[in-house]
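Have a look at the structure below, then the notes.
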Amino acid sequence: MTKAQQLCGQVSDEDRKIIERTLTQQSLSSRQRERLEMVKGAYRGDSLAVIASWSGRTAPTVQRWLIAYREGGIDALIDQPRSGRPAQADATYLSELEAAADADPRTLGQSFDVWTSSRLSAYVAEITGTLVSPVRIREILKRAGFAHGRPKHSVSHLQDPAEVATCEDRLREVEKKGSGGA
């Protein structure tokens, strides 16, 4: 029996099936999946060094998670809440932010055409009463899959295509005639 197997403890066939089934779940966090893979490697007979090597973790880290599994099962591998200030951007805030970012600012009564993170921060703060920094707004939107960057301003949407064609034809005529000694 390897040290990893000793640290992990006795894993029954039923527990192995539960681990295998849990590993197929799409909703499983990547961190919990990694820890379950460590347990799986241990009960298959991999050494601490081997598990540490393929997981990219240190042997003491692998050891810590195997002991946690032995003492608390699969639930012990879930990240526990961390101490510190709670996140200000709760579910309500996030939904309001995404709705605003998806909308044209003019339709929401704003006097501008393009959102900036500062403008979004101020607008959503008016609605929710929670002020989140523009830097954090950009992080949240990036994680949600929103593209950002400097807008490319164009007036092409304001131009009449027929007039543009007429002007281009006129310019070609002038270019053909040349300056005419002017």
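Selection over segment 1-53 of residues that are of a type in the set (D, E, K, R) and either surrounded by 12 or more Cβ atoms within 10 Å (Cβ to Cβ) or under 23 Å from the mean Cα position of the chain (by Cα) (or both) gives a count of 11. Of all residues in segment 116-166, those satisfying the criterion of being under 14 Å from GLU96 (Cβ atoms), modelled with pLDDT of 90 or more, of a type in the set (Gly, Ala, Ser) and out of contact with any Leu (no Cβ under 6 Å at 6 or more places or on another chain) are SER121, ALA122, GLY129. Segment 74-176 holds helices (runs of 4 or more DSSP H) entirely within its bounds, and those carrying 1 or more residues that are surrounded by 10 or more Cβ atoms within 10 Å (Cβ to Cβ), in contact (Cβ under 8 Å) with a residue 40 or more places away in the chain and outside the structural domain of GLN63 (by TED's automatic domain parsing) map to 91-102, 134-143. Mind listing just one residue for me: the one in segment 54-67 that is among the β-branched types (Val, Ile, Thr) and touching a helix residue (DSSP H, G or I) at 6+ places or on another chain (Cβ under 7 Å) and, of those, surrounded by the fewest Cβ atoms within 10 Å (Cβ to Cβ)? Going through the qualifying residues, I end up with THR58. Checked against (1) at pLDDT 85 or above; (2) part of a helix (DSSP H, G or I), GLN6 passes all but a single condition, namely (1). For ASP160, the test of being within 28 Å of the chain's Cα centre (by Cα) and at negative phi is failed.
The values are calculated or read from the model by the stated rules, or taken from the named source; none is laboratory data. What you see is a predicted model; the values in this text were computed from it and never measured. Note that each Cβ is placed from the backbone with ideal geometry, even for glycine, and that neighbours are counted across all protein chains shown.
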